[in-house]
Amino acid sequence: MPELPDLQIFSHNLDKKLSGKKLKKVTAVSTKKLKVTEKELKHRLEKHTLTKVYREGKELYFEFDNCAILALHLMLNGKLYFYEKENEQKYTILELLFDDDTGLALTDYQEMATPTLDPEPKVAPDALSKEVTAKWLELKLAKKRTVIKNFLLDQHEIRGIGNAYADEILWEAGISPFSVANKIPAEKIKVLAKAITSVLHDAEKSIRKTHPDIIAGEVRDFLKIHNAKKKESPTGAAIEHKMANSRKTYFTSEQELFT
């Protein structure tokens, strides 16, 4: 599943390629996840100019000149493809065809990728927002008896972090993913706050360096811990992994457990 650093680059490349174009036609090939009618979707988006594409948490937002927003959540297997004149991709969910006959297709063989028209404002802050400070984390975690990894993955608490980057952030902070959130001391929470920012920014730089034009998929080969091809951390500790809540968690003995 694409996570925050991937989506950050997707949004930049989509904005560069598509902003300023007028939408000629929108086609909902699959309406399984669409909560409005295709007629309403067409009424709100067609004949309007795309003004910008940006990331919100784990979603991509396409904003038009009438203030309409189309949000795309790629889920586990959603992918985006540019096309000219006709879309030939299998498993298409949605097609956006612009007035220059270039288009964007959203596909997902599981039909789980979700388009949303005019999404509700989110309460939880984005992981890279200025709101996510050490003080904010300390106040939040003081009330949480869940394990810290579950907190980082909860999009109702903090938006944008997925399974792979939660592992990377917690290793960088030296905190076991199985630590109880309200048992983590204030000094460690400060380290965690810095790790969230540094890991996500560094990942974006790494992906941009090797895949500057990417709009689909995920790049993971540079990850330090959440990496099936690596046996040791950068500092020499054996990488362990186990299933937790249907997700594989990667960690090392270097990470302190707080219970």
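Of note:
- Note on Val180 and Met75: the extension gain reaches 35.0 nm, defined as 0.36 nm multiplied by sequence separation minus the Cα-Cα distance.
- The range 1-88 - charge dipole about Cα centre, Lys and Arg +1 at Cβ, Asp and Glu -1, debye rounded to 20: 280
- Dipole of the chain [Lys/Arg +1, Asp/Glu -1 at C-beta], most positive-end residue of Leu117, Asn150, Phe82: Asn150
- For the range 152-259, the direction-averaged projected area of the alpha-carbon convex hull comes to 7.4 nm².
- In this simple spin-label approximation, Ser129 and Glu218 carry label points 7 Å from Cα along the Cα→Cβ vector, and these lie 2.3 nm apart.
- Fraction in percent of alpha-carbon pairs per bin - 10 Å, the chain: 7, 29, 31, 20, 11, 2
- The value of relative contact order for the range 1-134, using C-alpha pairs under 8 Å at least six residues apart, is 26 percent.
- Relative contact order for the chain, counting Cα pairs under 8 Å that sit 6 or more residues apart, in percent: 20
- Cα Rg, Dmax (largest Cα-Cα span) when computed across the range 59-204, Å: 18.7, 57
- Exposure rank, largest accessible area first [Leu257, Leu137; 1.4 Å]: Leu257, Leu137
- Counting only aspartates and glutamates at least 8 places from Lys209 when in the same chain, those with an alpha carbon closer than 16 Å to its own are Asp6, Glu218, Asp221.
- When both the range 46-79 and the range 225-248 are represented by their alpha-carbon centers, they are found 34 Å apart.
- Given 13 as the ceiling on other Cβ atoms within 10 Å, longest exposed-site-free region of the chain for GluC sites (Glu not before Pro) in DSSP loops: 132-259
- For the pair Gln89 and Ala228, a Förster radius of 45 Å applied to the C-beta separation gives a FRET efficiency near 0.95, rounded to the nearest 0.05.
- Each Lys and Arg contributes +1 and each Asp and Glu -1, all at the Cβ; summed about the Cα centre of the chain, the dipole is approximately 520 debye.
- Degrees separating the helix 186-210 axis from the principal Cα axis of the chain, which is the longest one: 40
- Both radii were evaluated on the Cα set of the range 91-141; the Rg over Rh quotient, with Rh as the Kirkwood radius, amounts to 1.22.
- Positive contributions from Lys and Arg (+1) and negative ones from Asp and Glu (-1), summed over other residues with Cβ under 9 Å from the Cβ of Leu106, come out at -1.
- Pairs of alpha carbons in the range 25-86 whose separation is greater than 13 Å (percent): 69
The values are calculated or read from the model by the stated rules, or taken from the named source; none is laboratory data. Remember, it's a predicted structure, so these values are computed and weren't measured experimentally. All Cβ positions, glycine included, derive from the backbone under ideal geometry; neighbour counts span all protein chains shown. What goes into the accessible areas is simple: the full protein's heavy atoms, side chains included, and nothing from ligands, DNA or RNA. Shrake-Rupley method; radii C 1.70, N 1.55, O 1.52, S 1.80 Å.
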